[in-house]
Amino acid sequence: MSKDGKNKAAQEPREIPIDGADEVTEGATEAAAPAPEAEPAETAEAAEAEADSIEEEAEAVVADAERVAKAEAEAAAMRDKYLRLQAEWDNYRKRTAEEAGEMRVRAAEKLMGDLLPVMDDFERAIAHAEANGDAGLLDGVKAISTKLSESLGKHGLETIDPAGEAFDALEHQAVGQVEDASVPDETVAQVYQKGYRLGKKVIRPAMVTISTGGPKREVESDDAE
């Protein structure tokens, strides 16, 4: 070999084989390669499953809300029914109490009406005894009359005997007039027949005569103290 040939061979680089270099290169290539992406079908199934789960939860929430609303509506309806029943019971109790009171008043009114002629007869007997001087009869009749009046008074009967009072058309029945300038006009001069009141109701007005020719009676004011 010539000198030039030796120099050329010395200048050219030599490849030195390295055991396992190919394996390292292949491993690095595999490590650098990206992971395989999920299949589109698997992603769609997962999304659908999640959507179904959310829908089921939403339906459960709606169902619970509907049950709560139904229970509240039923409770409100029961409360309204209870209040109506209570109001109806109170009205019934008040109505029956009023009706019972009215029945008692009507019964007592009829009783008093039946006994009034007896009262009148007693008073006539007393007047006759006083005029004829029969003291024994007079005392007995007076006692009976007093006892009867007290018994009727216990049941609410009140006598209307307005002699000397102002005439009241609601309680008195004028059957005549007398001239009397010494008292105010329309003063009860004489009571021919007493009247009677049961509670606040006049069951018979008093029969009276009233005066005329006197001064006008002053109207009483409700605001007067």
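Be a star and scan the stretch 148-173 for residues whose amide nitrogen sits under 12 Å from the point 7 Å along the Cα-to-Cβ vector of Lys216.
none
Could you tell me which of rounded, prolate or oblate describes the stretch 105-169, using a ≥ b ≥ c as the square roots of the eigenvalues of the alpha-carbon gyration tensor, with rounded for a/c under 1.5 and, failing that, prolate when a/b is larger than b/c and oblate otherwise? Working shown, then result.
Details: a/c = 2.45, a/b = 1.41, b/c = 1.74.
Oblate.
Just list whichever of Lys94/Lys147; Lys154/Lys216; Lys81/Lys200; Lys94/Lys200 have alpha carbons separated by over 30 Å in the model shown. Can you show the working numbers first?
Details: Lys94/Lys147 36 Å; Lys154/Lys216 39 Å; Lys81/Lys200 40 Å; Lys94/Lys200 21 Å.
The answer is Lys94/Lys147; Lys154/Lys216; Lys81/Lys200.
From the square roots a ≥ b ≥ c of the eigenvalues of the alpha-carbon gyration tensor of the stretch 76-215, which class results: rounded (a/c under 1.5), prolate (a/b over b/c), or oblate?
On the way: a/c = 4.91, a/b = 1.88, b/c = 2.62.
Since a/c reaches 1.5 but b/c is at least a/b, the shape of the stretch 76-215 is classed as oblate.
On average, how much accessible surface per residue is there in the stretch 44-99, in Å², for a 1.4 Å probe, leaving out ligands, DNA and RNA?
On the way: 4980 Å² over 56 residues.
Accessible area per residue: 89 Å².
If you plug each phi of the stretch 151-168 into the Karplus form 6.51 cos²θ - 1.76 cosθ + 1.60 with θ = phi - 60°, what whole-Hz ³J(HN,Hα) values come out, in order, with x for Gly and Pro?
5, 5, x, 5, 9, x, 7, 10, 7, 10, 10, x, 4, x, 9, 5, 5, 10
Give the shape of the stretch 132-184 as rounded, prolate or oblate, defined through the alpha-carbon gyration tensor: a ≥ b ≥ c are the square roots of its eigenvalues, a/c under 1.5 means rounded, and otherwise the shape is prolate if a/b is larger than b/c and oblate if not. Show your work: numbers first, answer last.
On the way: a/c = 3.55, a/b = 1.52, b/c = 2.33.
It is oblate, given that a/c is not under 1.5 and a/b is not larger than b/c.
For a protection proxy built on the mean count of beta-carbon atoms within 10 angstrom, sort 140-151, 49-60 highest first, please. Walk me through the numbers on the way to the answer.
Values: 140-151: 13.2, 49-60: 10.0.
Ranking, from highest mean packing down: 140-151, 49-60.
Sort 109-122, 84-97 by packing, meaning the average of other beta carbons within 10 Å per residue, with the highest value first.
Working: 109-122: 14.1, 84-97: 10.0.
Put in order of decreasing packing, that is 109-122, 84-97.
Considering the zone a paramagnetic label at Arg124 would reach in this model (a point 7 Å from Cα along the Cα-to-Cβ line), which residues of the stretch 144-159 have amide N under 17 Å from it?
Once the point is set 7 Å along Cα→Cβ of Arg124, 145 turn out to lie under 17 Å by backbone N, inside the stretch 144-159.
What FRET efficiency would be calculated for the residue pair Ala181, Leu137, taking the C-beta separation as r and a Förster radius of 35 Å, to the nearest 0.05?
Values: r = 40 Å, r/R0 = 1.14.
Between Ala181 and Leu137 the formula returns 0.30.
Considering amide H positions built from the backbone, and no H for Pro or chain starts, which residues 5 or more places from Val208, or on another chain, come under 5 Å of its amide H?
Sorted by chain and number, the residues that satisfy this are Gln173, Ala174, Val175, Tyr192.
The values are calculated or read from the model by the stated rules, or taken from the named source; none is laboratory data. The structure presented is a predicted model; accordingly, all values stated were derived computationally and were not measured. With ideal geometry, Cβ positions are generated from the backbone for all residues, glycine too; neighbour counts draw on all protein chains shown. All accessible areas refer to the heavy atoms of the entire protein, side chains included, with ligands and DNA or RNA removed. Shrake-Rupley method; radii C 1.70, N 1.55, O 1.52, S 1.80 Å.
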